[in-house]
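Okay, so here's the structure we're looking at.
The values are calculated or read from the model by the stated rules, or taken from the named source; none is laboratory data. These numbers were taken from a predicted model, which means no experiment stands behind them. Every residue, glycine as well, gets a Cβ built from its backbone with ideal geometry; the counts of neighbours run over all protein chains shown. The protein model used for the area step is the full one, side chains on, heavy atoms only, and it has no ligands, DNA or RNA in it. Shrake-Rupley method; radii C 1.70, N 1.55, O 1.52, S 1.80 Å.
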Amino acid sequence: MFTDLAGFTTFSEALSPERVTYLLNRHFTDMTDVILEHEGTLVQFIGDALMAFWGAPLDDDDQAYHAVATAIAMQKAMAALREDFAKENLPPIRMRIGIHSGSAVVGNLGSAKRWATLPSAMT
């Protein structure tokens, strides 16, 4: 699952850095809670986006169902968050969600230099 906030660059330019930080942290906290409640694994935050998956590190025979149920719950949580943000004069954020189902490789991927400090047995 990948998510992002529609129009983030445009509305963030009109906010102070402190307000952008508050908005993102509140959004990420609420969405992370939903992911964890639905047995997901949060992978990373990328700007205004987040990435999560199901089925690893533990097998999940219902991973597609959990991902879709999470997306629905996240959109419900976004509606509540928009109401809170309206009371704080913050923009009415909207989140887009993409879900892919199928095989994936997960683990320590990246530059060999990133792992240069690990013992050779772990690389």
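Quick notes on this structure:
- Residue match in region 22-34 (condition: of a type in the set (F, W, Y) and at pLDDT 95 or above): yes
- Filter result (over 27 Å from F11 (Cβ atoms) and open to solvent by 60 Å² or more (accessible area, probe 1.4 Å)) within region 37-62: E37, E39, P57, L58, D59, D61, D62
- Which numbered condition D84 fails, given (1) closer than 16 Å to T41 by Cβ; (2) open to solvent by less than 80 Å² (accessible area, probe 1.4 Å): (1)
- Residue in region 63-73 that is more than 21 Å from H100 (Cβ to Cβ) and surrounded by 15 or more Cβ atoms within 10 Å (Cβ to Cβ) present: no
- Of all residues in region 4-32, those that are within 10 Å of the chain's Cα centre (by Cα) and free of Cβ contacts under 8 Å to residues at least 24 places away in the same chain total 3.
- Residue within region 103-119 that is on the phi > 0 side of the Ramachandran plot, within 18 Å of the chain's Cα centre (by Cα) and surrounded by 13 or more Cβ atoms within 10 Å (Cβ to Cβ) present: no
- Among the residues of region 101-113, those that are part of a loop (DSSP other than H, G, I, E, B) and either closer than 19 Å to L23 by Cβ or free of Cβ contacts under 8 Å to residues at least 24 places away in the same chain (or both) comprise G102, S103, V105, G107, N108, L109, G110, S111.
- Odd one out for A73 among (1) touching a residue at least 12 places away in the same chain (Cβ under 8 Å); (2) touching a strand residue (DSSP E or B) at 6+ places or on another chain (Cβ under 7 Å): (2)
- Matching residues in region 91-102 - criterion: being in contact with a Lys or Arg (Cβ under 7 Å, 6 or more places away or on another chain) and open to solvent by less than 80 Å² (accessible area, probe 1.4 Å): I93
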